[in-house]
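S.K.: Got a structure for you, questions after.
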There are 4 protein chains.
Amino acid sequence: MASPTAILLVSCPDQKGLVAKLANFIYANGGNILHADQHCDPEAGLFLSRLEWELEGFNLPRDIIGPAFNAIAQPLGATWQLSFSDDVPRLSIWVSHQDHCLLDLLWRHQAGEFKAEIPLIISNHSTLKPIADQFGIDFHHIPITKDSKAEQEQTQLALLQQYGIHLVVLAKYMQVLSPNFLKTYSQVINIHHSFLPAFMGANPYQRAYQRGVKIIGATAHYVTSDLDEGPIIEQDVVRISHRDDVKELIRKGKDMERIVLARAVRLHLQSRTLVYGNRTVVFG
Amino acid sequence: MASPTAILLVSCPDQKGLVAKLANFIYANGGNILHADQHCDPEAGLFLSRLEWELEGFNLPRDIIGPAFNAIAQPLGATWQLSFSDDVPRLSIWVSHQDHCLLDLLWRHQAGEFKAEIPLIISNHSTLKPIADQFGIDFHHIPITKDSKAEQEQTQLALLQQYGIHLVVLAKYMQVLSPNFLKTYSQVINIHHSFLPAFMGANPYQRAYQRGVKIIGATAHYVTSDLDEGPIIEQDVVRISHRDDVKELIRKGKDMERIVLARAVRLHLQSRTLVYGNRTVVFG
Amino acid sequence: MASPTAILLVSCPDQKGLVAKLANFIYANGGNILHADQHCDPEAGLFLSRLEWELEGFNLPRDIIGPAFNAIAQPLGATWQLSFSDDVPRLSIWVSHQDHCLLDLLWRHQAGEFKAEIPLIISNHSTLKPIADQFGIDFHHIPITKDSKAEQEQTQLALLQQYGIHLVVLAKYMQVLSPNFLKTYSQVINIHHSFLPAFMGANPYQRAYQRGVKIIGATAHYVTSDLDEGPIIEQDVVRISHRDDVKELIRKGKDMERIVLARAVRLHLQSRTLVYGNRTVVFG
Amino acid sequence: MASPTAILLVSCPDQKGLVAKLANFIYANGGNILHADQHCDPEAGLFLSRLEWELEGFNLPRDIIGPAFNAIAQPLGATWQLSFSDDVPRLSIWVSHQDHCLLDLLWRHQAGEFKAEIPLIISNHSTLKPIADQFGIDFHHIPITKDSKAEQEQTQLALLQQYGIHLVVLAKYMQVLSPNFLKTYSQVINIHHSFLPAFMGANPYQRAYQRGVKIIGATAHYVTSDLDEGPIIEQDVVRISHRDDVKELIRKGKDMERIVLARAVRLHLQSRTLVYGNRTVVFG
């Protein structure tokens, strides 16, 4: 097995010497950089970077890396995030009735594609409880009505805290999270069943059919309080024809939803995504 | 060379025996069907078909085929359109400042990809006159202002009639055709530089950049009086990343615009497109 | 639910009147054609067609359709195949160690994407028995060595007969079927983990990496005695970069394998594939 | 306009501190890094990097950058290549009868997609001379026979030297360059009309048709003395169906050839390609 690595995601106002400063921090402490990728957005005046280096031979103990780097980051006005390749983030998957994205994520998890634990499934319906049982994952049925929503979101938030969840994945969870919820908990990835910004909102496949498009798609994005407007992580598309009715669009679209959501979750878990404004940098 | 063929596009309310009736019409007159494709839209209750058969050995002279077929079509309530593979439709290409779609169409025409004549280029600017000159095509500079538009559209319509134009191709013509114009002349294909219905209207690349999408596209559609809402003929997409600024989106998008517009024009010229409602059937 | 339909796949030497004859057969017996698609291969002098019509209102009972059609087919020198949309073909899935294609097929089956029964899984290893158990499918572990192969293939053939299997799907079954086996049983679809004919044979991902290709793919094909040379049903590809090592190619390739194999199985089950020579016509 | 930049491509045995050393060289001399990308190939034990920084404010004059960097590179055992964004490399395009790739390159050049001069077209036929004339480019007709090849290659090499050519683009030049030629001049990009390594050698479209593939492609690669085996820069594909005969494959393939070759030439001109072994790193 590869030895563990440290990963830094950094963004700060652009200025001379940033690459050198970051690289020197690692080199001076005996680290071997495996990947270093940066991006400058000249319009935003931003420098964004991802650095990954081997912990073996690195002189700083894990719990000191953060504070030590902060001494460099602060004068640069940088925000940053440190993770380790052997971290095992805890995921919660939220669903409603449809199982394809849930099953796909669970299989991939089983197949080792995700370095994560999945201790908690939440649903506004009980339909998919048997899948949770089969995989030995706690399932919480939390029905949502207009009236109960505010209260139920408190229950959801309590569960996220109780289970120590680092990322919520909305895998065809057909409910909108309130701005209040997102103020408390914001690490949420959603899969939208259209090629955003086309067909925002409800029933995208029906509307794609009505519009007579020749290609449909799916979009994985971070959730913000603006519905279907959050930073896009990944998109993909599939060709359709006049022979495909709405049912066929849904069937073909499912494959895109599965693949696009899985890619987005994996990119996030590998600390390859950096959000700024309403955009993402995806370090390939 | 292949011998000439006749092509029928038919749409009518669905009922039993339609395929047999159409095929019998051709067989009874000694024709050999090369391609026969049908589509039923159960929701719309419509039958749509494209038939292509060899004229060699067909007993009806060309000018009798239409009237003869009409005797079959009328009781079925069918609308239909007859063309011949050796027809040479006359195209007019309309442009503004950008040359890539125009050049691409002219090259493909030169390379024999389109069975058509291109006797007329119209532009609201004089920028691309040299290209028209180089290819020996008449170029009419018809500037458009808000005030002059109604009048200038009359000039345009007169030219279409004078040149006997069967299809207008808006190859990055950055003007909207008025409902009045379209009432008089409706055979118009446009290329829109986005993956419709995403980014309808102006500046799609800037807006795609702002939205942070990971894929951009282009859409060729028939023009209707609802801007960017006409029946879609063809779409295609290309992947982008955070490294692509607006200028790069425009550059990458150009390739899609060229390819998608050319495919749509070719499909139309081969009588492979059938419009119903706001949709197209594209017979492959 | 849609009412049941009959589907005819026909191929015969091309001649005038074939579409009419086929359509008339259906119309004369009161059938309503839902889909009719034909293809002529002028080089091979072949006419190939797929016809689907509603059984409701059709005058011939099911068991008479075949004999009745044969009276038409024989003088045309046609080979044909009749099926019904409510047929439930019986599939056997064959695997070795890898589970992704198996799981994907079983999930799609559960989701109603395949009209079929899957009563039998065969493997040369016992690794995937728990999945068979979980889905309640009989699992037969039939180890293969060079010496035992001939004998074990007899066991396999006996099982296919015993279970009444209509289609064998090699879902990452890492053994070659002998010409003898294929002489007895030839309805076999395989998924090859490369974009055939690139990287035929073993270890395609390793070889793709060595060659430094920028795109990898997967190919579903009917199995013939020429390894990796059978008629291709479906292919798809995914882009890779220099950052992808062999392990990543395998991971990305799995998604293609799953999707391409599932599409091919579905096309076959819907009687949309017609083999001639070493090619397929896929009626969309 | 953006101010000019310097670009370094570096490859060397991997070791600690390489990113820091490279970044410090630029920072210490007052440079502002715009892009820095690295790749490690652990199997090959190689570190590969592309660095781009602004010349404005950089303390070293252009002609000193190379020697100064060499002092750093040599102890690392690095090979490197320095270029400037305002360099204008000189291209020679080689063709035979087909014009689509040539025209596409010339149009893109005209449209400003390539920072380059194109003073020289060489062909073994005179067919495309009119295009050269139209664009005001010198055209040399150098016919090749088996017997004359060795001698004619000397003529070609003399022309490359005379015109100061930095890159030869084989834009459907249907001749193989001899190992002797390539020993003298090795900066050559070729477009192959298949998805390599499928259909290496002659007549790929005919063979793709014979094989019945469902997707065709094109490959741009550096030329080596092993025919169609050189390092791949870019590939792309397009879907086909049973309806496409060889002529259609050729037509559809042309679009891929144009796009793939243009992308490869642009990547090379922007110093985004780094060859090692038989592979390329393409810095996106």
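The values are calculated or read from the model by the stated rules, or taken from the named source; none is laboratory data. Owing to the predicted nature of the structure, the values given are computational and were not obtained by experimental measurement. Methodologically, a virtual Cβ is constructed for each residue, glycine included, from the backbone with ideal geometry; neighbour enumeration extends over all protein chains shown.
S.K.: Against the conditions (1) more than 11 Å from chain C (Cβ to nearest Cβ); (2) surrounded by 21 or more Cβ atoms within 10 Å (Cβ to Cβ), where does D:Ala202 fall short? Just the number, please.
M.R.: (2)
S.K.: Cβ-Cβ below 7 Å, separation at least six or inter-chain, first residue in segment B:122-142 and assigned by TED's automatic domain parsing to the domain that holds B:Gln161, second in a loop (DSSP other than H, G, I, E, B) and of a type in the set (Asp, Glu): which pairs?
M.R.: B:Leu128/B:Asp99; B:Ile131/B:Asp99
S.K.: Also, quick follow-up: Looking only at residues that are among the hydroxyl-bearing types (Ser, Thr, Tyr) and within 18 Å of C:Val169 (Cβ to Cβ) in segment C:253-284, which one is nearest to the other protein chains (Cβ to nearest Cβ)? Explain how you work it out, then say what you get.
M.R.: Going residue by residue through segment C:253-284, those that are among the hydroxyl-bearing types (Ser, Thr, Tyr) are C:271, C:273, C:276, C:280.
Then drop every residue that is not within 18 Å of C:Val169 (Cβ to Cβ), which leaves C:271, C:273, C:280.
Working: C:Ser271: 15, C:Thr273: 10, C:Thr280: 6 Å.
Among those residues, the one meeting the criterion is C:Thr280.
S.K.: Residue pairs, Cβ under 6 Å, 6 or more apart or interchain, first in segment B:13-42 and free of Cβ contacts under 8 Å to residues at least 24 places away in the same chain and at positive phi, second among the hydroxyl-bearing types (Ser, Thr, Tyr) and outside any strand (DSSP E or B). List them.
M.R.: B:Gly17/C:Tyr27
S.K.: Right, here's the next one. Select the strands (runs of 3 or more DSSP E) contained entirely in segment B:1-111, then report the ones holding at least 1 residues which are among the acidic types (Asp, Glu) and within 14 Å of chain C (Cβ to nearest Cβ). Steps first, please.
M.R.: Working: elements: B:5-13, B:32-41, B:46-54, B:79-84, B:90-95.
Here the list reads B:32-41, B:46-54.
S.K.: If we keep just the residues of segment D:148-165 that are assigned to a loop (DSSP other than H, G, I, E, B) and touching a residue at least 24 places away in the same chain (Cβ under 8 Å), which is farthest from the other protein chains (Cβ to nearest Cβ)? Steps first, answer last, please.
M.R.: Restricting attention to segment D:148-165, the residues satisfying the condition of being assigned to a loop (DSSP other than H, G, I, E, B) are D:148, D:164-165.
From the residues that got through so far, the ones that are touching a residue at least 24 places away in the same chain (Cβ under 8 Å) too are D:164-165.
Details: D:Gly164: 28, D:Ile165: 25 Å.
Filtering first and then ranking leaves D:Gly164.
S.K.: With respect to C:Ser194, determine if the residue is part of a loop (DSSP other than H, G, I, E, B) and under 22 Å from A:Ala111 (Cα atoms). Working first, answer last.
M.R.: Details: part of a loop (DSSP other than H, G, I, E, B): yes; under 22 Å from A:Ala111 (Cα atoms): yes.
For C:Ser194, the condition - part of a loop (DSSP other than H, G, I, E, B) and under 22 Å from A:Ala111 (Cα atoms) - is met.
S.K.: Inspect segment A:64-85 for any residue being more than 16 Å from the chain's Cα centre (by Cα), more than 28 Å from A:Pro13 (Cα to Cα) and at pLDDT 95 or above and give the result as yes or no.
M.R.: No, segment A:64-85 contains no residue that is more than 16 Å from the chain's Cα centre (by Cα), more than 28 Å from A:Pro13 (Cα to Cα) and at pLDDT 95 or above.
S.K.: Okay, moving on. Contact list please: Cβ distance under 6 Å, first residue in segment C:182-199 and within 12 Å of chain D (Cβ to nearest Cβ) and touching a residue at least 24 places away in the same chain (Cβ under 8 Å), second residue in a loop (DSSP other than H, G, I, E, B) and buried (at least 23 other Cβ atoms within 10 Å of the Cβ), pairs at least six apart or on different chains.
M.R.: C:Pro197/D:Ala198
S.K.: Got a number for residues in segment C:97-112 being surrounded by fewer than 19 Cβ atoms within 10 Å (Cβ to Cβ) and within 23 Å of C:Gly164 (Cβ to Cβ)?
M.R.: Qualifying residue count, segment C:97-112: 2.
S.K.: With (1) on the phi < 0 side of the Ramachandran plot; (2) touching a His at 6+ places or on another chain (Cβ under 9 Å); (3) more than 11 Å from chain B (Cβ to nearest Cβ) as the list, and A:Val168 as the residue in question, which single condition is left unmet?
M.R.: With (1) on the phi < 0 side of the Ramachandran plot; (2) touching a His at 6+ places or on another chain (Cβ under 9 Å); (3) more than 11 Å from chain B (Cβ to nearest Cβ) applied to A:Val168, the lone miss is (2).
S.K.: Inspect all residues belonging to segment B:100-112 and state whether any of them is touching a Ser or Thr at 6+ places or on another chain (Cβ under 6 Å) and aliphatic (A, V, I, L, M). Full working, then the answer.
M.R.: At the first step, the residues of segment B:100-112 found to be touching a Ser or Thr at 6+ places or on another chain (Cβ under 6 Å) are none.
No, segment B:100-112 has no match at all.
S.K.: Here is a list of conditions, (1) of a type in the set (S, T, N, Q); (2) crowded, with 19+ Cβ neighbours inside 10 Å; (3) closer than 30 Å to B:Arg251 by Cβ, and D:Asn124 meets all of them except one; can you say which number that is?
M.R.: Answer for D:Asn124: the failing condition is (3).
S.K.: Would you check which residues across segment C:37-63 are at pLDDT below 95, crowded, with 17+ Cβ neighbours inside 10 Å and either among the aromatic types (Phe, Trp, Tyr) or farther than 20 Å from B:Gly17 by Cα (or both) and list them?
M.R.: C:His39, C:Cys40, C:Asp41
Listed here are the residues, each with its yes/no results for (1) touching a helix residue (DSSP H, G or I) at 6+ places or on another chain (Cβ under 8 Å); (2) crowded, with 20+ Cβ neighbours inside 10 Å; (3) at pLDDT 95 or above.
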residue	(1), (2), (3)
D:Val168	yes, yes, yes
D:Tyr173	no, yes, yes
D:Leu177	yes, yes, yes
D:Arg207	no, no, yes
D:Ile215	no, yes, yes
D:Ile250	yes, no, yes
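S.K.: Something else: Is it true that some residue in segment C:228-245 is farther than 30 Å from A:Phe283 by Cβ, touching a Gly at 6+ places or on another chain (Cβ under 8 Å), more than 8 Å from every other protein chain (Cβ to nearest Cβ) and surrounded by fewer than 22 Cβ atoms within 10 Å (Cβ to Cβ)?
M.R.: Yes, that holds for at least one residue.
S.K.: Follow-up question, since we're still on this one. Would it be correct to say that B:His221 is buried (at least 23 other Cβ atoms within 10 Å of the Cβ) and in contact (Cβ under 8 Å) with a residue 60 or more places away in the chain? Talk me through it step by step, then tell me what you get.
M.R.: Numbers: buried (at least 23 other Cβ atoms within 10 Å of the Cβ): yes; in contact (Cβ under 8 Å) with a residue 60 or more places away in the chain: no.
No, not satisfied.
S.K.: Still on this model: So in segment C:103-121, with the set limited to residues that are without any contact (Cβ under 8 Å) to a residue 60 or more places away in the chain and farther than 18 Å from C:Phe139 by Cβ, which one is nearest to the chain's Cα centre (by Cα)? Working first, answer last.
M.R.: Here is the first cut: in segment C:103-121, the residues without any contact (Cβ under 8 Å) to a residue 60 or more places away in the chain are C:103, C:106-107, C:109-112, C:117-121.
Right, trim to farther than 18 Å from C:Phe139 by Cβ and you get C:111-112.
Details: C:Ala111: 19, C:Gly112: 17 Å.
It comes out as C:Gly112.
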